[in-house]
Amino acid sequence: MSVQRPPKKRGGDSFDAKQEATQLKDKIQNAADKESVEVMVQRLAALRWPQRVETAQEYRELTGKELHDDLNAISEPTLHTLIKELLTDRVAADVAELSTYFQKVEFYYRELVEFFCLRTNIALAVIATEYSNSQDISISEELQEVDDEGTKNFLLGICKGEFSEGSYTQNEIVIRKDALMLAKAPKTLRWIARDGKLHQLLQTRCHAHVRDVIYDFEEVTGENFLDAIEAECSLDFLRCMESFDFAISSTPNVFAKKLMQFLLDGNPDGIVRVFANALETNLAEIIAYYEDKFQRPFVEDLQTVVQAPLLDVMKRIIADHQKDQPRQKATTSAAGSAGKNGGTSKPTSNLQIVNGNHQNGGNMLDVDRSGSGQQGNKYKFFTHGTVSPLKTFDPYRDVHDFRVALENYPSNDLPLIYLISSKTNHQRQVLKSVYSEVFDKSLIDEVMETVGEELDFFMAGLLMKPEEFDATFLRELIQNGAETSFALLEILCSKTVKELKAIGQQYLKKYGVPLSVDMEKKFSASLDLRFLLCELAEGKRKVGWNVDKMLSENDAREMYAQFYRDSPEIEFFVEVLTTRSREQLRETFRTFRKFAGIDVLTALEPLFTAEFAEAVRLLVLCVEDRVSFFAYCLNEYIQNNDFRNLIRLVISRSEIDLVEIKAAYQGFYNLSLLDDLRPMFESKQFRLMSGIILDK
């Protein structure tokens, strides 16, 4: 069912749909060459969607025919998809898309969040009406079928388009007030309750404001936003919030990622669909953002997938939009590049490194915790992996593609590299299962046998479950002794309690002994370091954002008192560093600085052995800023030519925060991570590493 819209004015000129239809009729009748057809399609693209809909209606009344049928009759087949997308009824298409999602709603939570967040309030209201009329059921009633209560409430909260729209000006006082409201709310009323604080924000504030409140959340609580969601809510709700972050990050970012995804897939129809939707926003800004984000000319990428004459028409349309709006460099460091609901700046790290060394008194891992009035970090809690779920994922198609790619390896290694690097670990596990079902063989065995020693460790890290790969690697580190203590610390410091529990279960299942027991017996290091590592492996750290001010003051005073004793109580430091929540530790470090006037590491480092002091420094940096911590660890592995740990760390962060880690790395060392890795790897290894590190 089509919905009529009144014509809109563009550039101050009135629009006459009847005149447009008459001109198109004459041009179609007299179309003698390819050039004239391309000009007609280019003209349609210059109109807004309501104008195109009205023009098509006038053309139908004038000729008794459909405009898209007549255009298809005189145009090349490659243009048919673009013509269809330009003249399609957007409301009807959106209703059909929603209907597809609701057929198996449990598989499409991410897509539903993105759908609702990328449309205006008016559009959602019209779509809701049309959906009810055509499907005999409302969107709200469809969402009642969602099993997870928190996910259901969240989707119900955003599907009605109740958020504020219009221009947005940052107001730090209001942002902080809302962040405090969100932080102080009881857990049951904070995220998942229909009348909770998050839903109040979604119904009364614009997306950019909600994004700023999320950024400010850690300032108030010291808690990573996603960590709080993970600790308190279901996995389905966590995935919804990850998709919510992507949808509200900025309009150019959303469209740029979608375009790159379809370009990598070699899917011209998908590219045309996103391209046509981009015409309704700001195509020139999206192209500029794409080229800055991926460091690649968009038109050159387009030529690899799209054929003439469609390519020629798209080039013309891009040129028209770039001519109308002078190019302004869109930087990927500006997460809030003028989306439909405003924008905001993306935070950067305040860990200062010059030539691999920190500026602050030679303290290699010192972090600014002074709380001074200098321009500092607003950490972005929603982090971004370079690998995200492939929306066109079809395991039964992909296993056959895998079979062909394995047969053509090594003469052509790119298909295999793309097939494995473009999917998340969960999708790879599905592929393993389907491959076994279809071919009665193990995918991982066939891949490892095909690629040989050159890529075997890389492929193992990608195809094994994360906890299984980590358990296997930890066993290797333990057996190698003290020279692997840095990697052991990196793994055990950075894993969440949930991840440590999963690794511990896998380790016990695989080797028949608890991880901490095996480490205590077999790892050759000092007693103090071994004690710290074993306690970290137990996963005793508390989870949550609540901070006990009295406890932090007591811990800080006791740390300060240790400075005046003949020898520090290692057991006390290990207990504090391994059992307190990350938020509690941050507060303790801040409180210590107030007492001592200096940083906790600067004060206490002389009390420890060099080995234990290094372990404490790593742990403190990881607590303060995990992104900077991983950037530092990557540089250490590069300096030491530690290939296996480099590969492991890149794979482990590829779905979590590798985008932020890359940015931090370049800021610290004035060289991109990929450029630093280039000399270390052979061609196939580097292509696979590039497939993981580059944003999809």
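Convert each backbone phi in region 632-644 into a coupling constant with the Karplus relation 6.51 cos²θ - 1.76 cosθ + 1.60 (shift: θ = phi - 60°), then list the ³J(HN,Hα) values in order as whole Hz, x for Gly and Pro.
5, 5, 4, 5, 4, 5, 5, 4, 9, 6, 8, 4, 5
Residues of region 614-654: accessible area per residue at 1.4 Å, in Å²?
For region 614-654, the solvent-accessible area averages 24 Å² per residue.
What's the carbon and sulfur percent of region 395-459's accessible surface, probe 1.4 angstrom, rounded to a whole number? Let's see the in-between values first.
Working: 1540 of 3060 Å².
Its accessible area is 50 percent carbon and sulfur atoms.
Among Phe531, Pro466, Gln505, whose Cα projects farthest towards the positive end of the dipole of region 465-537, with charges put on the beta-carbon of Lys, Arg (+1) and Asp, Glu (-1)?
About the Cα centre, the residue reaching furthest to the positive side is Gln505.
Given axes a ≥ b ≥ c from the Cα gyration tensor, I'd like to know whether region 549-624 is rounded (a/c under 1.5), prolate (a/b larger than b/c) or oblate. Present the calculation step by step, with values, prior to reporting the outcome.
On the way: a/c = 1.44, a/b = 1.15, b/c = 1.25.
Rounded.
What percent of all Cα-Cα pairs in region 465-537 falls in each 10 Å bin, counting up from 0?
21, 62, 17, 0
With +1 assigned to the C-beta of every Lys and Arg and -1 to the C-beta of every Asp and Glu, and no other charges, what is the dipole magnitude of region 388-495 about the Cα centre in debye, to the nearest 20? Walk me through the intermediate numbers first.
On the way: 10 positive and 19 negative charges, 100 e Å.
Taking the Cα centre of region 388-495 as origin, the dipole is about 480 debye.
Hey, how much of the P(r) for region 18-99 falls beyond 15 Å, as a percent of Cα pairs? Spell out each step's value before the answer.
Working: 1816 of 3321 pairs.
The share of Cα pairs beyond 15 Å in region 18-99 comes to 55 percent.
Which shape class, rounded, prolate or oblate, goes with region 639-687 when its Cα gyration tensor gives a ≥ b ≥ c as root eigenvalues, a/c under 1.5 marks rounded, and past that a/b bigger than b/c marks prolate?
oblate
Accessible area of region 549-624 with a 1.4 Å probe: how many percent of it is carbon plus sulfur?
Details: 1670 of 3220 Å².
The C+S portion of the solvent-accessible surface of region 549-624 is 52 percent.
Give the shape of region 395-459 as rounded, prolate or oblate, defined through the alpha-carbon gyration tensor: a ≥ b ≥ c are the square roots of its eigenvalues, a/c under 1.5 means rounded, and otherwise the shape is prolate if a/b is larger than b/c and oblate if not.
Numbers: a/c = 1.41, a/b = 1.37, b/c = 1.03.
It is rounded, given that a/c, with a ≥ b ≥ c, falls under 1.5.
For region 40-87, what size does the Cα cloud have along each of its three principal axes, sorted from largest down, in whole Å?
The Cα atoms of region 40-87 stretch 27, 23, 14 Å along the principal axes, largest first.
Quote the relative contact order of region 419-559 in percent (integer), defining contacts as alpha-carbon pairs under 8 Å separated by 6+ residues.
Worked out over region 419-559, it gives 19 percent.
Over region 395-459, what is the relative contact order in percent, taking alpha-carbon pairs closer than 8 angstrom and at least six residues apart? Intermediate results must be reported in sequence, preceding the final value.
Values: 40 pairs, mean separation 20.8, N = 65.
Here the relative contact order equals 32 percent.
Excluding Val95 itself, calculate the net charge of residues whose Cβ lies under 14 Å from the Cβ of Val95, where each Lys or Arg counts +1 and each Asp or Glu counts -1. Walk me through the intermediate numbers first.
Details: positive: Arg90, Arg119; negative: Asp89, Asp94, Glu97, Glu130, Asp136, Glu142.
Residues close to Val95 contribute a combined charge of -4.
Looking at this model, which pairs from Lys465/Lys662; Lys184/Lys594; Lys184/Lys510; Lys257/Lys315; Lys432/Lys542 are more than 31 angstrom apart at the alpha-carbon? Mind dumping the intermediate values first?
Working: Lys465/Lys662 24 Å; Lys184/Lys594 25 Å; Lys184/Lys510 43 Å; Lys257/Lys315 19 Å; Lys432/Lys542 35 Å.
Too far apart for the 31 Å limit: Lys184/Lys510; Lys432/Lys542.
The values are calculated or read from the model by the stated rules, or taken from the named source; none is laboratory data. A quick note: this is a predicted structure, and the numbers were derived from the prediction, not measured. Neighbour counts run over all protein chains shown; Cβ positions are idealised from the backbone, glycine included. Note: areas computed on protein heavy atoms with side chains; ligands, DNA, RNA excluded. Shrake-Rupley method; radii C 1.70, N 1.55, O 1.52, S 1.80 Å.
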